[in-house]
1. Consider only pairs whose beta carbons are under 7 Å apart and that are at least six residues apart or on different chains; among these, list those whose first residue lies in segment 114-131 and is more than 12 Å from residue 104 (Cα to Cα) and whose second residue is of a type in the set (Asp, Glu).
2. So residue 97 fits all but one of (1) touching a Lys or Arg at 6+ places or on another chain (Cβ under 9 Å); (2) surrounded by fewer than 20 Cβ atoms within 10 Å (Cβ to Cβ); (3) within 23 Å of residue 146 (Cα to Cα); what number is the exception?
3. Just checking: which of the strands (runs of 3 or more DSSP E) contained wholly in segment 114-162 hold 2 or more residues that are at pLDDT 95 or above, under 14 Å from residue 87 (Cβ atoms) and not acidic (Asp, Glu)?
4. Please verify whether residue 96 is in contact with a Ser or Thr (Cβ under 8 Å, 6 or more places away or on another chain), modelled with pLDDT of 95 or more, closer than 24 Å to residue 46 by Cβ and outside any loop (DSSP other than H, G, I, E, B), treating the condition exactly as stated.
5. For segment 195-236, give me the residue count where each residue is within 16 Å of residue 261 (Cα to Cα) and under 15 Å from the mean Cα position of the chain (by Cα).
6. Among the residues of segment 225-246, is there at least one that is within 25 Å of residue 167 (Cβ to Cβ), modelled with pLDDT under 95 and in contact with a Gly (Cβ under 6 Å, 6 or more places away or on another chain)?
7. Looking at 224, 168, which is the one that is free of Cβ contacts under 8 Å to residues at least 60 places away in the same chain, buried (at least 20 other Cβ atoms within 10 Å of the Cβ), farther than 25 Å from residue 104 by Cα and in contact with a strand residue (DSSP E or B) (Cβ under 8 Å, 6 or more places away or on another chain)?
8. Is there a residue being surrounded by 14 or more Cβ atoms within 10 Å (Cβ to Cβ) and among the charged types (D, E, K, R) anywhere in segment 145-162?
Amino acid sequence: MRKLILVTLLLASLTPAQNPPRKINPTWLRRDTTTLREHPTDISTPTCHYTPIFGESDADASSPQTFTRFGLLTIDPHGSCQTAAYPRLEELYFVLDAAPTAQLQYGTELHPLAANDFTYIPPTVSHALRNNADQPLRLILVTAKLPAKTQIAPAPNFAIANLRDLQEQTVGGHPTSVLYKLMIGPRVTRRDRINATYTIADFFLMDFAPAGTNFPHHHENAEEIYLVLDGEGQMSAGSGTDGIEGLHPAKSGDAYFFRVNCTVGFYNAAAPDAKAHILAVRAYVPPPTDLD
């Protein structure tokens with residue numbers, strides 16, 4: 001009888017009720033960017049405002065493994081941001097709207113910025129943003145960290161391009177109902193308009209025809225972010241134990257983060273005039289150096 005009581009007490013001490021649930025990183029995240037608030041960063045000033053969407057200062061900041069920031073940067077009329085240089089971060093800009101007098105300082109150079117411009121800032125290069133116009137300057141800011149063993153090459157010549165410079169194209173393995181503009185990609189390739197990155201795998205724009213589809217898929221070695229610029233449809237994010245994809249409503253201003261191996265895809269609305277554009281970025285997630 002005494003042994004039975006001891007066994008019962010031992011089993012009771014091992015029940016889940018005695019152990020609080022452990023919080024784990026979600027498989028995917030969704031944000032309505034119209035509801036998010038500004039949060040100060042190292043480049044913030046009274047006239048330079050950063051609103052985190054994923055990564056640093058987000059509620060689930062530890063979910064992305066390679067992305068450190070994905071957010072909206074807003075510079076007031078005649079405002080500017082703090083100068084920054086990151087030894088082991090690479091950075092992307094996509095300009096949502098700007099007047100011709102907006103400028104990017106790249107090292108000692110000054111370059112004008114216009115709406116739909118995109119560019120790449122490599123590690124170690126000093127840079128800053130200025131807005132000399134009477135209207136706000138708004139950009140999507142993306143930063144990604146480099147693995148410790150990555151060798152950093154000398155900074156390339158500065159390159160800036162605009163979406164109008166790119167031809168839409170199909171991508172192998174994807175439906176023809178979505179066309180791509182390939183903006184920025186790895187420095188060891190020649191596929192994208194700017195080929196300069198280390199851990200960023202792709203930075204691109206998708207243009208969906210009515211009822212257009214980016215078939216559900218997943219990446220075994222990369223995480224991905226989608227930002228719906230306009231239109232609406234259904235986002236494929238994750239799946240159940242029966243293998244059926246999870247579908248979630250997506251509208252202009254919605255952003256989704258997909259962890260490694262998470263199902264990702266998009267179904268545009270089927271109305272005759274339904275168009276949708278999604279800004280997307282994918283980054284490699286290297287395997288751990290110490291296997292357990």
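The values are calculated or read from the model by the stated rules, or taken from the named source; none is laboratory data. Given the structure is predicted, the values throughout are model-derived calculations rather than measurements. Don't worry about glycine lacking a Cβ; one is built from the backbone with ideal geometry, like all the others, and counts go over all protein chains shown.
1. Taking only residues 6 or more apart or on different chains, the pairs are 115/97; 122/90; 123/90.
2. So residue 97 meets the others, but not (3).
3. Hits in segment 114-162: 137-145.
4. no
5. 7
6. Among the residues of segment 225-246, not one is within 25 Å of residue 167 (Cβ to Cβ), modelled with pLDDT under 95 and in contact with a Gly (Cβ under 6 Å, 6 or more places away or on another chain), which makes the answer no.
7. Details: 168 fails: buried (at least 20 other Cβ atoms within 10 Å of the Cβ).
Only one candidate passes the filter, namely 224.
8. yes
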